[in-house]
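Bear in mind that the values in this text are calculations on the coordinates, not laboratory data. Nothing here was measured: the structure is a model prediction, and the numbers come from that model. Neighbour counts are summed over all protein chains in view; Cβ atoms, including those assigned to glycine, are modelled from backbone coordinates with ideal geometry.
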Amino acid sequence: MSAQPDRAALETYASRVRGCLLGGAIGDALGGPVEFWDLAKIRAEVGDAGVRAYVADHGTYGRITDDTQMTLVTVEGMIRASVRTDRGIGFTRAVVHNAYLRWLHTQEAAGPDGSSNGWLINEAWLYSRRAPGVTCMGALREVGTRQHLGNQADNHSKGCGGVMRSAPFGLTWPWIDQDWQFESAAEVAGYTHGHPTGQLASGALAVMIGAVVAGSSLTDAVQTALNHLSRREHHQETTTALQRAIEASHNQPSAEAMESLGAGWVADEALAMATYAALCYPGPDQMLDALALAVTHSGDSDSTGAICGNILGALHGETALPVELAFEVEGRPTILTLADDFIYEFTKSSSLHGDYGPFTRWNHRYPGG
């Protein structure tokens, strides 16, 4: 465990956590309405510059999808797992698995039932079904029958449903090391996605996020992720995808180059496409350019947009987010409240629970299970 950072470092950290979570939601909402459009239709509808503003979705703007829902549930699960450490149990990753079961409930119930199982489960807007991933839903429904809580999914899916929710594991800087970030994200992705690529891409994203939060450049962060991948079995698909993204970023950015990296429906492609967009436009004043590139293609636009928003939001912090998109993204108050609670838990937990602080009220907000 490293020494506590100074106040300036804590303020930068807080901005990056908020930027990562809100940036992911913005990218998700930007790409969601065009997810099933091909590139020709996107250009016909919004122009050759790509998707630079929200497209109306069911008459509203800035609607998030299951990508953001599951990312928020991951954050809540991590907070609950941290709360449990007071009991001498340690950070149990299966607590996040249990959080996904609560998300499954939101997708199958009409709305909140007044449960006191934490505060997030009572947010009515999270009960909307936004094309939830078939693999995630199927794997979670098997918990208690074919799969036990905390065990890996019994499938061979490498879909992007694991990587698109893995950024929070990179936000634990500077108290948790990179191997923990990688292994935690990979294991938790494995609760729904059994293929190694689905898990390793998730670990690579977490390490990338962790590196930029700790102050690395984006280029160095991508190399850090590649270094971690190289030490693990079955890394070749993810490594190759990221290397192709790096090579493509050396040329003029284009939707055609983006589509040469894949469609984003599988984890390695989604990570590579999002990374490519971020590498093409890495500056704090280029975030809208990066997000537009990340979602303007014929594939899984919400996932590639969400991952790109996670990366650049973590790199530059909250103030770099395009305000014309940030102000009306769905659920912004909830996203930022959860981000702040994450920051509180992972920087000042002794003031919230354990031997100090308003133990019962914080634990009512985040029951340790």
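Quick notes on this structure:
- Annotation for the stretch 42-57 versus the stretch 306-344: alpha-carbon center distance of 22 Å.
- Value at 222 nm in deg cm²/dmol, rounded to 500, when DSSP H runs of n ≥ 4 in the chain each add -39,500 (n - 2.57): -17500 deg cm²/dmol
- Rounded to whole numbers, the Karplus 3J(HN,Hα) couplings from phi for the stretch 301-317 are 5, 5, 5, 5, x, 4, 5, 4, x, 4, 5, 6, x, 5, 5, 9, x Hz, using 6.51 cos²θ - 1.76 cosθ + 1.60 with θ = phi - 60°, and x at Gly and Pro.
- Taking amide H as placed 1.01 Å from N in the peptide plane, the amide H of Ile64 sits under 5 Å from that of Glu330, each at least 5 places away or on another chain.
- Taking Val134, Val95, Val51 as the candidate residues, the one with maximal mean-square fluctuation in a Gaussian network model of the chain, Cα springs under 10 Å, is Val134.
- Top positive-direction residue, dipole computed over the stretch 107-153 with Cβ charges, set Val143, Ala153, Ala124: Ala153
- Highest to lowest packing among 334-342, 110-118, scored as the average C-beta count within 10 Å: 334-342, 110-118
- Its Cα centre serving as origin, the chain has a Cβ charge dipole (Lys and Arg +1, Asp and Glu -1) of approximately 820 debye.
- The alpha carbon centroids of the stretch 216-231 and the stretch 76-119 are separated by 31 Å.
- Within a Gaussian network of the chain (alpha carbon springs, distance under 10 Å), most fluctuating of Gly47, Gly32, Gly309: Gly47
- A simple rule links phi to the HN-Hα coupling: the Karplus curve 6.51 cos²θ - 1.76 cosθ + 1.60 with θ = phi - 60°, which for the stretch 50-57 gives x, 7, 10, 9, 4, 8, 4, 10 Hz, with x for Gly and Pro.
- Listed residue (Ser249, Leu104, Leu325) projecting farthest to the positive dipole end of the stretch 7-365, Cβ model: Leu104
- For the stretch 9-42, applying the loop criterion from DSSP together with a ceiling of 13 other beta carbons within 10 Å to the chymotrypsin sites (Phe, Trp or Tyr not before Pro) yields Phe36.
- Among Thr275, Thr172, Thr319, the largest mean-square fluctuation in a Gaussian network model of the chain (Cα springs under 10 Å) belongs to Thr319.
- Prolate/oblate/rounded label for the chain (Cα gyration tensor, a/c 1.5): rounded
- Shape of the stretch 1-92, Cα gyration tensor, a/c cut at 1.5: prolate
- Exposed loop sites were defined as trypsin sites (Lys or Arg not before Pro) in DSSP loop states (anything but H, G, I, E or B) carrying at most 12 other C-beta atoms within 10 Å; in the chain the longest segment without such a site runs 232-369.
- Here's how it looks for Gly159: its modeled amide H is under 5 Å from those of Ala267, which are all 5 or more places away or on a different chain.
- Taking the longest Cα principal axis of the chain as reference, the axis of helix 7-31 is set at about 60 degrees.
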